[in-house]
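Accompanying notes for the structure given below.
Read-outs: derived from the displayed coordinates by stated rules, not from any lab. Here the structure is a predicted model, which means the values were calculated and not measured. Cβ coordinates were reconstructed from backbone atoms using ideal geometry, including for glycine residues, and neighbour counts include every protein chain displayed.
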Amino acid sequence: METSFTPWLSLGGGLLIGASAVLLMATNGRIAGISGLTSRVFARSTDSEARGVSALFVLGLLLAAPIWLLTSGEWPQQWVPSNPALMAVAGLLVGFGATYGNGCTSGHGVCGISRGSLRSVAATATFMTAAVVTVLVTRHLIGG
Amino acid sequence: MKQFFALLSGLIFGFGLILSGMANPAKVLNFLDVFGTWDPSLAFVMGGAIAVTAPGFAWLTRSRSRPFFDTEFRLPNRTDIDPRLLSGAVLFGIGWGLGGFCPGPALTALPIAATGTLVFFPFMLAGMWLARHTPDLSLPFRKGATQ
């Protein structure tokens, strides 16, 4: 499915994501890494304070689209792959990989790189490459 | 107060994901499809986010000893690039390339309740649970290497 190039909207969205990361660090002293925050909502080892803060951040993420619907009258535009087996494998890999590798697009890609962390630069370069190769294989080598 | 700001941060993050196109897997997959229907928009998301976060974090940690409503800045201090980090990133990248979702957008898109999202989400949580219960498989190798 083709999508149109939206540099300004994407830049604006990126600025909001950055503002959110700075706000969370300024008020709570925590990295806005979504895989970490989500995992901490469920992990048994999390103390109750961290669990509460993580759960509220996640709740904010969940409320964004419904509020978008209420204010604009329609859901945000999206197209999601519908093959259930593919999405199950994708979900399992994303959840496992992000938690096992200590971060995802937000924790490593935005917050980690912003702190100048070499670990995050290495992780981001690695998952970007793996994702580009995956799309190359599924769309051009076997999907055709 | 910190609870209120945690919720607000999540909400702003979610709006950022929606506005930028990150919450739309079609856009993510086209961003990754460098050799096909490439849509470079999402490079602007990461660029814009880092342009705010990098100076923001630097200013916070330089000008303040602690956050406004908490006791300490919780910043990771590890610097080693270990097999666990890189193998996790490879698996994450493959999953991202298959489904077009990473954790933030999956949460944001969940209320829209597309079939693919409703399948992806519980499996993502299961993957996180599995990772929390998987010991660091690279440790025995490293121990062997130092002996």
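Near A:Gly29, within a Cβ-to-Cβ distance under 15 Å, what is the net charge of the other residues, with Lys and Arg +1 and Asp and Glu -1?
Numbers: positive: A:Arg30, A:Arg40, A:Arg115, B:Lys2, B:Arg62, B:Arg64, B:Arg66, B:Arg74; negative: A:Asp47, A:Glu49, B:Asp70, B:Glu72.
Charge balance near A:Gly29 sits at +4.
Given the DSSP H assignment, sum -39500 (n - 2.57) over each helix run of at least 4 residues in chain A and divide by its residue total; what's the result at 222 nm in deg cm²/dmol, nearest 500? Each step should come with its number before you reach the end.
Numbers: 5 runs with 92 residues, N = 144.
Mean residue ellipticity at 222 nm (helix-derived): -21500 deg cm²/dmol.
Say each of A:Glu2 and A:Val137 gets a label point 7 Å from the Cα, pointing the same way as Cα to Cβ; how far apart are those two points in nm?
The two pseudo-label positions are separated by 2.9 nm.
Could you check which residue among A:Ile67, A:Ile31, A:Ile17 shows the biggest mean-square fluctuation in a GNM of chain A with a 10 Å Cα cutoff?
A:Ile67
Using only the Cα atoms of the protein assembly as shown, what semi-axes does the equivalent ellipsoid have when each is the square root of 5 times a gyration tensor eigenvalue? Give whole Å, largest first.
Values: eigenvalues 137, 118, 66 Å².
Values for the protein assembly as shown, descending: 26, 24, 18 Å.
I need the calculated FRET efficiency for the pair B:Asn77 and B:Ala126, taking r as the beta carbon distance and R₀ as 25 Å, to the nearest 0.05.
Efficiency for this residue pair is about 0.25.
Filter chain B for me: DSSP H helices, axial length by Cα at least 30 angstrom, mean Kyte-Doolittle hydropathy not below -0.5. List them by residue number. Spell out each step's value before the answer.
Details: long enough: B:41-63 (34 Å, 1.12).
Going by DSSP H runs, the hits are B:41-63.
Using a Gaussian network for chain B with springs between C-alpha atoms less than 10 Å apart, which of these wobbles most: B:Arg62, B:Arg78, B:Arg132?
B:Arg78
Could you state the per residue volume, in Å³, of the convex hull enclosing the Cα atoms of region B:2-140?
Working: hull volume 22.6 nm³, N = 139.
About 162 Å³ per residue, rounded to a whole number.
Rounded, prolate or oblate for region A:1-95? Axes are the square roots of the Cα gyration tensor eigenvalues, ordered a ≥ b ≥ c, and the cut-off for rounded is a/c under 1.5.
On the way: a/c = 1.91, a/b = 1.26, b/c = 1.51.
Verdict is oblate for region A:1-95.
Per DSSP H run of n ≥ 4, the term is -39500 (n - 2.57); total these for chain B, divide by its residue number, and report the mean residue ellipticity at 222 nm rounded to 500 deg cm²/dmol. Show your work: numbers first, answer last.
Values: 7 runs with 100 residues, N = 147.
Taking each H run of at least 4 residues, the total per residue is -22000 deg cm²/dmol.
When A:His108, A:His140, B:His133 are ordered from fewest to most other Cβ atoms inside 10 Å of their Cβ, what list results?
Working: A:His108 30, A:His140 12, B:His133 7.
By the 10 Å Cβ count, ascending, the order reads B:His133, A:His140, A:His108.
Of B:Gly99, B:Gly14, B:Gly127, which is the most mobile in a GNM of chain B whose springs link Cα atoms less than 10 angstrom apart?
With Cα springs under 10 Å in chain B, the top fluctuation among B:Gly99, B:Gly14, B:Gly127 is at B:Gly127.
List residues of region B:86-121, by number, whose backbone nitrogen lies under 17 Å from a label position 7 Å along Cα→C-beta of B:Thr37.
Flagged as within label range: B:97-101.
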